[in-house]
1. Out of region 66-79, which residues are over 8 Å from the mean Cα position of the chain (by Cα) and surrounded by 14 or more Cβ atoms within 10 Å (Cβ to Cβ)?
2. Could you grab me the full set of residues in region 80-104 that are of a type in the set (A, V, I, L, M) and either buried (at least 16 other Cβ atoms within 10 Å of the Cβ) or not assigned by TED's automatic domain parsing to the domain that holds T133 (or both)?
3. If you go through region 112-136, how many residues are surrounded by 12 or more Cβ atoms within 10 Å (Cβ to Cβ) and either on the phi > 0 side of the Ramachandran plot or not charged (D, E, K, R) (or both)?
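The values are calculated or read from the model by the stated rules, or taken from the named source; none is laboratory data. Just so you know, these numbers come straight off a predicted model, no measurement behind them. Cβ atoms come from the backbone with ideal geometry, glycine included; neighbour counts cover every protein chain shown.
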Amino acid sequence: MGASINRRQLLVAAGAGAVSTAAALGAAPLRALADEGDDGDGVEGTWYVSIQVTSPSPASFDATYAFAKGGVFTRIDGRTNAPAVGTWKRADDGGIVFSNILFNFTSGVLPTPASRMGAIVGNFAAHIAADGTLVGSFTAHGVLGLVGFTRAGTFSGTRIEAVGP
């Protein structure tokens, strides 16, 4: 018995192929549109930041900030390597707002529940300036037993660019 294909089978196979091709081509523009606007001028990515505490007394230190799509924010303190996590969102004025929580441990002691001295909640507002820097202000206060801790100040940062070797 020879293998043959009738006209109906040919049309069904051709139709299935056309549908598959259309689906594949239809998905390509959607992917391109999803990537549009990811030209480096948004806040997403990682920033090297200089913080200037203005209250209660002047001080400065460095940190890294990372903003992920979907609203995830991460901060690493340049003095202690302490991580903080939080959320960010776009503000009505075109900038962003973000908040985080950072556990506070006794300096020089291996972190344990016994050496934790509360936590710090930071609240920030920022925008990307015309020169491409991230600039903003913040307030911070103690929680979870860290009584009387308050800070306020400003910060500015530069994007950490992805480059190969």
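1. Answer for region 66-79, where residues must be over 8 Å from the mean Cα position of the chain (by Cα) and surrounded by 14 or more Cβ atoms within 10 Å (Cβ to Cβ): R75, I76, D77, G78.
2. Hits for region 80-104 are A82, A84, I96, V97, L102.
3. So the count comes out to 17.
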